[in-house]
Structures are given as structure tokens and as C-alpha cells.
1. Quick check on the exposure proxy: order 872, 609, 344 from fewest to most C-beta atoms within 10 angstrom.
2. Relative contact order for the stretch 226-514 using alpha-carbon pairs under 8 Å, separation at least 6, rounded to a whole percent?
3. With a cut-off of 8 Å between alpha carbons and a minimum separation of six or more residues, what is the relative contact order of the stretch 328-444 in percent?
4. Using the count of nearby Cβ atoms within 10 Å as a rough guide to exposure, how do 196, 742 rank from fewest to most?
5. In units of 2.2 N^0.38 Å, what is the alpha-carbon radius of gyration of the stretch 280-395?
6. Taking a ≥ b ≥ c as the square roots of the eigenvalues of the Cα gyration tensor of the stretch 73-221, is the shape rounded (a/c under 1.5), prolate (a/b larger than b/c) or oblate?
7. With a cut-off of 8 Å between alpha carbons and a minimum separation of six or more residues, what is the relative contact order of the chain in percent?
8. For 209, 549, which order do you get if you count the other beta carbons within 10 Å of each Cβ and list the fewest first?
């Protein structure tokens with residue numbers, strides 16, 4: 001059987017990869033789709049570089065083909081096909097990147113996988129551009145089993161959709177089980193036909209809920225494996241290890257030995273014979289001199305020497321780098337270029353990079369004991385994962401965790417975050433059985449949309465507590481890889497994702513202690529027990545300040561109460577039916593040791609399913625007397641955290657209660673609202689064009705909104721008094737007459753609007769008045785919508801997310817106070833419900849002051865429709881529905897404005913890829 005026209009196809013694959021560049025001529029061609037290039041993570045955690053094929057790849061393609069086994073060639077080409085004939089080689093390497101597309105999977109300069117599609121012109125609709133294509137791919141035998149087939153299929157499908165194709169077909173030998181499994185498991189609805197030992201497969205390539213779920217699941221598993229490899233090395237080389245105590249390399253190597261790392265540690269020092277050993281361990285002049293495999297290299301040499309270090313690490317096949325050195329993006333443009341070259345070279349050879357300018361990584365688990373950081377001592381092993389972007393603060397953060405008795409499962413300080421980022425760690429902690437709580441110290445975001453998606457999923461099972469610095473500064477001044485994001489967007493991102501945002505490092509640890517050792521509360525009712533009325537009043541005030549409820553009357557056991565009396569009061573309060581949590585504040589009498597009261601408190605709440613916090617002798621953390629020890633003696637579940645003041649205890653409890661409430665809420669559904677016609681909307685946007693930013697005409701706005709079931713109250717734009725009266729007669733009274741220019745229409749004194757006009761004479765008078773005020777002969781005549789509260793719903797352009805939804809009530813007071821709520825796209829049904837209730841003025845919508853409540857469901861439905869526009873049409877750079885009149889009758893749009901423009905770059909959409 002002749003090989004199908006779509007060249008290489010079938011298999012999957014283990015180890016990293018990345019990228020040889022196409023020749024300059026091909027890459028500079030206008031048709032070359034450089035935006036298709038991507039670094040991807042294979043299922044074993046290694047990196048592979050994908051890019052479109054170029055004519056200069058002919059020799060490499062021949063070499064690739066020669067390395068395929070006879071069996072693989074037979075399964076792909078349905079016959080022996082030992083060599084690629086010149087004619088086929090020409091066809092395979094010369095493509096138009098439109099109807100004929102091919103991707104290469106690269107590890108360094110070697111091709112390890114090829115995927116392609118070729119358009120089938122027989123089913124062209126209304127022209128010669130095909131709507132279907134035949135797809136095929138093949139993976140080199142030594143890289144099969146790494147998930148490369150599914151990755152190629154994702155990227156080919158994304159390229160095909162971009163080129164207007166909607167369907168893939170494939171011919172597969174029935175015995176080619178791997179290939180059949182790739183198509184079957186991709187999440188598409190595959191139809192199949194069988195004839196003469198060949199399966200004919202067909203499927204639509206538009207993303208489905210299942211195909212997106214498959215993509216995200218594979219991405220999570222691959223990226224988690226990538227981080228697992230980093231945190232569980234079998235061997236570590238410290239490059240720059242030194243006998244000089246003033247050198248960073250000395251500190252790193254000493255910390256590795258002091259931590260009793262479970263694997264092998266190799267000091268590397270270019271001094272060669274001058275440094276035959278470091279602390280009695282033989283030193284190597286280069287990492288390539290080490291006789292055994294090296295999983296992880298910790299680099300502590302000046303930035304100027306990084307190229308030489310990279311060459312040796314790539315030659316050795318090191319799987320991951322931790323770059324402690326500074327002098328890269330943190331030092332300016334020259335350093336940024338060096339940082340970019342380093343990451344590109346690392347990824348090209350399948351290597352992950354932490355840093356540069358990082359503190360390092362640590363895994364205190366008993367089976368690993370990795371301390372590849374500058375911190376001399378680590379907190380004990382625990383169940384809290386910690387990611388810090390700041391290297392400078394890292395040592396202080398680790399010291400604070402130790403002081404306050406917080407055990408860590410893993411710690412990563414990413415510094416400049418050139419490669420490994422907080423998103424990678426979220427993927428890892430999602431399935432890490434040793435992590436129950438996640439802490440984040442963030443300065444900037446690399447891909448905030450992906451962060452939101454990952455955090456929302458993780459926070460449903462494991463709480464995330466985050467400090468985000470730089471609330472009042474521009475992150476672009478500090479990080480070349482930073483995405484600009486204002487604090488309102490950060491707040492919306494965290495709220496929507498269930499992230500517990502705190503304002504300081506102290507609050508981070510206050511909250512973490514409670515989450516690490518105590519159960520989540522079922523509600524906001526908090527009991528108070530203490531031996532001081534003054535302390536009880538402080539706690540009560542604090543609870544009411546943060547919107548919590550006091551369960552019953554605060555209990556004061558008296559200054560002379562014994563430990564048993566104190567324990568009895570605590571036990572009674574925590575077991576009460578109306579109690580969800582307990583705050584115990586106690587200053588032991590001078591005559592009785594405090595430890596006795598601490599033990600009494602711990603025993604009184606043992607086994608309780610309600611959280612308990614205490615202020616005990618102003619102790620921070622978990623003292624031995626309040627700890628429930630694990631087998632290794634470290635504090636375990638049920639340990640009672642102590643805070644230096646009642647206010648801090650209450651504040652931590654309030655954050656955890658808000659999180660528990662979010663987690664208990666329904667997840668919400670991502671629905672397609674009734675009346676949505678996405679295909680017609682895309683065709684309309686394509687026809688209107690978005691190469692340059694421009695506002696749409698009224699008729700086009702109405703048509704676009706109509707594609708999503710949004711109706712604007714009927715209107716006419718007219719010129720002249722007779723035309724205005726005629727339009728009013730046609731639309732039906734009462735009507736409104738409005739100035740055309742927005743600066744007149746949205747003034748609070750309504751100088752540009754005349755409402756409730758019930759007769760021709762009123763319309764004529766209104767027209768003359770507006771023409772005199774505005775100097776314009778054009779006006780809008782619009783049928784009056786039912787009266788209601790005036791609201792504003794917008795898609796606002798955000799450089800970090802592409803689009804955000806904004807909602808608020810109209811009015812000068814709300815505008816002056818900035819009373820707007822935001823949500824990140826996509827929005828679920830739960831997001832829509834919370835958005836319309838989030839502004840401080842929202843109680844007006846629910847009947848505050850005796851007014852009739854509006855139909856909130858209608859507003860929620862409108863939010864979902866606008867959210868779908870923002871999700872599906874990134875060319876819509878801004879959209880404003882202003883005003884929307886909300887009443888018991890529904891939500892009525894009376895004015896709309898839409899601006900189209902070039903879509904923002906979004907790395908979180910489409911097939912899997914690593915960002916920076």
C-alpha cells in the first residue's frame with residue numbers, strides 16, 4: 001500500500017527536548033508561523049521543542065527516518081519504505097503552513113517526532129480551501145511512550161483550526177494500537193470504518209469539554225512530573241563549590257552535606273588541581289568529568305561564566321539546573337539576553353531551570369533530605385508546600401517557618417522565574433500526597449490566566465495562601481518576564497480562584513498555621529473562652545469587625561481557675577451545637593505553670609472537628625504543650641496554633657472561614673447561554689476586521705450582540721426633527737431622545753438625554769433642545785425600556801488577561817468610590833452570581849431601603865453572555881453596556897459600544913506549551 005500523502009505518523013514517547021532553529025530564510029518568510037513554535041513537557045517531565053518544518057530540515061529528516069525501526073516504518077507507511085525518495089523528501093519539507101502543515105519535535109538538533117496534515121480538497125465549501133485534512137505522525141522508537149503523539153495532535157489541530165479547517169481524517173493499520181489509542185484518548189468524538197485491515201478515522205477538531213479536560217489533565221501530569229524530577233534528584237553537582245567560606249558555592253555545598261542528602265553530591269570547581277577536594281570530597285574540574293549521571297546541577301558561578309557551564313551541563317545530560325547566580329534579567333537588558341539564551345539552550349536539550357537569582361530548592365522528606373539552598377537549616381518536614389519568588393527573602397521565610405513550628409513538604413525559590421514558575425509548582429502540588437497546604441510569595445505573574453485556572457482547581461482541595469507584593473509599583477521595572485497586572489485584577493483573580501490573599505508575611509504564617517493543624521470551620525459562629533474580661537472584649541470586637549458571629553456569651557473562667565476548670569469550659573464551648581470555631585485566650589496565674597493549662601487546652605479539644613486558635617502567653621506558633629505529635633515527634637493535625645495577640649488569632653480565623661465558605665459553594669458550570677451563535681459571531685468579526693483598533697457602528701454592535709442573545713432596546717439614529725418624530729411613531733411611545741456623542745449621554749445631569757416622551761410634540765421639542773446644546777443634527781430615538789436601577793457591565797482590556805468583566809451600579813458616587821467588581825474570563829454560573837452581588841452598592845439590587853428587588857437572574861444571564869463574548873472573541877478589546885436597566889421585569893440594555901482590535905497574546909489557550 002502506498003504511503004498516505006501526509007508523511008510520518010504513529011507512536012508516542014521518554015526524555016526532554018527543545019529547539020534547533022529553522023534556517024533564517026525560512027523563518028523570515030512572511031508565511032512562516034513563528035507563533036506556532038513551542039516548548040512542551042512530555043509525560044515523563046522532559047521538555048521537547050516543537051516548530052514548523054523548513055526546507056533546511058531535509059538532512060535531519062532523512063537521519064530521523066533512518067533511525068526508525070522497520071516495524072515503526074511499516075506501521076506508518078503501510079509497507080517497508082526504507083528510504084525517503086527525493087520527490088517525497090521535497091514534498092515533506094516544503095509546505096505552505098496553511099493547507100499543508102508539518103511540525104517537528106526536537107531534542108537539541110535531532111528530530112525525534114514528526115506530525116503533519118494535508119488538506120483534502122474534495123469537500124471544500126464554496127471554494128478551493130479544504131475544510132478537512134488527513135493527519136499523521138510518527139515518533140522515534142527511543143522516544144515512544146512519552147505522550148508526543150497526543151502533543152503533536154493538539155498542535156496540528158490548533159494550526160488547522162487557525163487555517164479554517166474543522167475536521168481530521170486518518171488511515172491507521174488496525175494493528176497500530178498506539179496510534180489508535182492516541183486518537184481515541186484525545187477527547188474528540190471519533191467515527192471509524194474498517195476495510196482490508198485499515199481503520200479510517202474521522203473527527204471534528206473543534207475543542208470539546210472532554211478534549212479540553214484531556215488536554216488539561218495531560219498538562220498537569222506532565223508538568224507535575226517535571227517538578228517531581230527536580231525535587232527528587234538521585235545525584236547533585238554543585239558547580240562553583242569552594243573551600244572559601246565567603247563564596248556562595250561553599251555555602252550551597254556545605255548545606256547539601258549538612259542536610260545529609262540521600263543521594264550523591266559532587267563538588268565542581270574549575271580550579272582543577274588547585275581544588276582537589278571540598279570538605280574532603282573529591283572536586284571535579286567540570287561536570288563532564290563526573291563518572292556517574294547527574295540529575296541536578298546547582299550553579300553558583302558568576303553570570304559571565306554561564307555559557308561554559310551550560311555547555312558542560314548539556315554535554316553531560318543534566319536534567320535540571322538551579323541557578324543561584326545573579327546578574328541576569330535582574331541586571332538589565334544584557335543580562336536579560338543572557339538569561340533568554342540560557343533558558344532556550346536548556347529547553348532545547350530537555351532541561352528545566354530554576355532561577356537565576358534564586359535561593360534554591362529544598363525537600364526535607366526523610367527519603368530525600370535535599371537542601372539545595374543558601375539557608376543553613378531547613379524547617380522540619382511537614383505538609384506545607386512553599387513557593388517564593390524572592391530569593392532575598394527566602395532565608396528569612398524559612399527561618400520564620402522554623403520559628404513558628406511550620407513543617408514544609410517542599411520549598412522552591414525561583415528568583416527571576418526564567419523557566420520554572422509558581423504555575424509549575426501548583427501543578428505539582430495538585431497531586432502531591434505529601435502536601436496539604438500551599439503558600440506563595442509572589443512579586444509578579446508570568447501567565448496570570450493559567451495561574452487562575454490552576455489555582456481555582458487546586459484550591460478546591462488544598463488551600464492556597466498568597467502574599468502579592470508590589471501592589472503600588474510597576475512589576476515591569478523589576479522583571480523582564482513580568483506581565484503588567486494592576487491590583488484590582490489581582491484581587492479579582494484571587495477571589496475567583498479561592499486564593500486566600502494576605503497583606504504580609506506575618507499574616508501568611510498566621511493563616512498557614514491554622515490551615516496546617518486545624519480543620520476547616522463549618523460556619524461563622526465563634527465561641528470565646530478566657531480568664532480575662534478585657535481579653536474577651538478584644539476577641540469579641542475583633543470577631544464583629546471582620547463580620548463573624550459570637551456564639552453565645554464569651555466565657556470568663558476567672559483569673560484563679562485551675563487547668564481542669566479551664567479545660568471544662570473549653571470542652572463545653574467547643575461541643576455546643578451553635579459553635580463552628582473557638583478562640584481561647586488565657587493568661588495563666590503566676591502560681592500555676594502555663595504548660596499545665598496548655599496541655600489542658602490541647603486535651604479538651606482533642607478529636608474536635610471544629611478549629612481552635614489561642615493566644616497563650618503571647619507565644620507564636622505551636623509550642624510543645626499545644627502540639628499533637630506525629631510518630632517523628634513533629635506537630636500533627638489537632639495541634640493548636642498560638643498567636644501573640646487576640647486580633648491576629650481572629651484575623652487568621654476569619655480568612656479561613658471565608659475560604660471554607662468559598663470551598664463549600666457550588667463549583668458552578670461553564671455554560672453556553674441560550675441563543676449563542678458563535679460561528680456567526682466569528683464570521684462577523686472576520687468580516688469587520690480587527691487588524692487595527694476601531695469602534696463598531698451601531699448596526700454592527702447590535703448584530704454582534706445578537707449572536708449571543710443580547711438585545712438592545714430598539715432605536716433609530718436620525719437627522720432632523722421630522723425624522724425623529726417618524727422614528728418615534730415607528731418604535732412606539734414612550735421614547736427617549738439621546739445625544740449621539742457619549743460625553744453628553746452619560747452626564748449625571750442628563751443634559752444629553754430626554755426621557756419618557758409620549759407624544760410627537762415632546763419628541764420635536766427634545767430634538768431642538770439637544771441640537772442646540774450639542775451642536776449636532778443627529779440624535780438617537782429609542783423605545784423606553786422598563787424603569788430600573790442603572791448598571792454598567794463591561795469587557796475591559798487588561799494587558800495580563802486580555803479581558804476582564806467589570807460590573808457596577810451607575811452613579812457619580814459609585815464612580816467616585818471606584819465601586820466596581822471584576823471577574824476573570826471564563827466565568828461560571830457561580831462567578832456570574834457573585835459578580836452582580838460583589839459591589840458595595842449591590843444591596844440596592846436586592847431591595848435595600850424597601851425598594852422592589854430586581855431580577856438578579858436576568859443580570860447573571862447577561863454576565864454569562866458577555867463573558868462568552870470575551871472568551872470566544874479576543875478581538876473584542878472593549879465592550880460597554882451602559883446603562884443596563886435592572887428591574888423586577890429583567891435586565892434591559894439601552895446602550896452598547898464595542899471596540900475591535902488585534903487580539904492579545906495568550907499562552908494559556910490552545911495546545912499545551914511552556915511560557916516564560
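1. So the residues, fewest neighbours to most, are 609, 344, 872.
2. Details: 633 pairs, mean separation 40.7, N = 289.
Over the stretch 226-514, the number comes to 14 percent.
3. Numbers: 225 pairs, mean separation 34.9, N = 117.
After rounding, I find 30 percent.
4. Working: 196 6, 742 14.
Ranked by crowding around the Cβ, least crowded first: 196, 742.
5. Values: Rg = 14.9 Å, N = 116, 2.2 N^0.38 = 13.4 Å.
Ratio of Rg to 2.2 N^0.38 Å for the stretch 280-395: 1.11.
6. Numbers: a/c = 1.23, a/b = 1.05, b/c = 1.17.
Since a/c stays below 1.5, the shape of the stretch 73-221 is classed as rounded.
7. RCO, the chain: 8 percent.
8. Values: 209 9, 549 13.
Fewest-to-most Cβ neighbours within 10 Å comes out as 209, 549.
Coordinate-derived values only; no laboratory data. All values reported here derive from a predicted model rather than from experimental measurement. Cβ coordinates were reconstructed from backbone atoms using ideal geometry, including for glycine residues, and neighbour counts include every protein chain displayed.
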